[in-house]
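Taking it in order: structure first as structure tokens, then the write-up.
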Amino acid sequence: MQKTFFISVCLLFMSWSILAQRERVENLPSFDKRRIHYGFYLGLNTNGFKVEYKPSVFANAEIEVESEVGFNVGLIADLKLHNNINLRFEPGLISNTKVLRFKHVTAGQDVREVGNTYLHLPFIFKFSTNRLNNVRPYVLGGASFDYNFSSNESNQNDNFGGQFRQNASNLMYEVGVGIDLYLPYFKFSPSIRGIFSITNEVKYDERTPSQWTDPIAFMGTRGIFLHLSFE
């Protein structure tokens, strides 16, 4: 799923770039002179978990992760630091669903559906090339604080009661590439981004040994975003 998603987005970027190069009239000529500007974004995501294991009493532990396509939406505040460098604050919401299959559980394959809604608070540095007609490619990178409203961190039931729990507060970083397209009335900026959790998101079960959480050394979000911003 993620490979198909990535290839589709790359093809879309190439098409946009070719179409934009045909337009020779310079739109929004003074847009980049602004010190501060605002906007909003919409997008799609496909998020999974990276799982690392540690020695435990459960030999051959294996957790299979399936991700579904989710959505992301938010606002943009952009501060110009240099002609080619901007600092952006992009608060928003990220929603997605993952299915975890604990293939090593002794009673047979056990399944947990994990629905997540994150408050995403990233600070991002955007490094742009010089503008060429109505096109301006860029790369970006930054870090974020994320709060998971659906973590079930305070739920008294754990996996023994059928409830998979996560830590609510997490740190993540993201990197990406994109293209600014200057249209007659606004700037449209598609980008593709990768997001990676720095902190361990799993909340361990209270009882031990736990077939579900004891084998996990680290479980963190890994995802790909299609990010469409309007400024």
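Charging the Cβ of each Asp and Glu at -1 and of each Lys and Arg at +1, and nothing else, the dipole of the chain about its Cα centre rounds to 900 debye. The label point for ARG35 and the one for ALA217, both projected 7 Å from the Cα toward the Cβ, are 5.0 nm apart. Considering only alpha-carbon pairs that sit under 8 angstrom and 6 or more positions apart, the relative contact order computed for the chain is 22 percent. Think of a 1.4 Å ball rolled over the protein heavy atoms: segment 112-231 then has 40 Å² of accessible area per residue. Computed over protein heavy atoms with a 1.4 Å probe, the accessible surface of segment 43-111 works out to 49 Å² per residue. Each of ARG101 and GLU153 was given a label point 7 Å from its Cα along the Cα-to-Cβ line. The distance between the two points is 3.1 nm. Hey, if you put +1 on the Cβ of every Lys and Arg and -1 on every Asp and Glu Cβ in the chain, which of ILE63, GLY48, ILE76 ends up farthest toward the positive end of that dipole? Ranked along the dipole, the leading option is ILE76.
Angle of helix 2-22 to the longest C-alpha principal axis of the chain, folded into 0 to 90 degrees and rounded to 10: 0°. Segment 122-168 and segment 52-79 have Cα centres separated by 11 Å.
The smallest convex shape that holds all Cα atoms of the chain, its convex hull, gives 111 Å³ per residue.
Each peptide among 95-106, 50-61 gets the average number of other Cβ atoms lying within 10 Å of its residues, and from highest to lowest they stand as 95-106, 50-61. Ligands, DNA and RNA left out, the accessible area of the chain computed with a 1.4 Å probe is 60% carbon and sulfur. Cross-link partners of LYS203 among lysines, defined as those whose alpha carbon lies under 24 angstrom from its own and excluding same-chain residues fewer than eight positions apart: LYS50, LYS54, LYS98, LYS103. When Rg and Dmax are taken over the Cα atoms of segment 75-143, they come to 19.9, 63 Å. For segment 25-111, the normalised intensity computed at q = 0.13 Å⁻¹ comes to -0.67 (log10 of I(q)/I(0), Debye sum over alpha carbons, equal scatterers, no solvent). Averaging 1/r over each pair of different alpha-carbon atoms in segment 112-215 and inverting the result gives 16.4 Å, the Kirkwood hydrodynamic radius.
The string of couplings for segment 139-144 from the Karplus curve (6.51, -1.76, 1.60, θ = phi - 60°) is 10, 8, x, x, 9, 9 Hz, one whole number per residue in order, with x for Gly and Pro. For chymotrypsin sites (Phe, Trp or Tyr not before Pro), the sites in segment 148-189 that DSSP calls loop and that have at most 15 other Cβ atoms within 10 Å are PHE149, TYR185, PHE186.
The values are calculated or read from the model by the stated rules, or taken from the named source; none is laboratory data. Every value quoted in this text rests on a predicted model; they were computed, and no experiment measured them. Every residue, glycine as well, gets a Cβ built from its backbone with ideal geometry; the counts of neighbours run over all protein chains shown. All accessible areas refer to the heavy atoms of the entire protein, side chains included, with ligands and DNA or RNA removed. Shrake-Rupley method; radii C 1.70, N 1.55, O 1.52, S 1.80 Å.
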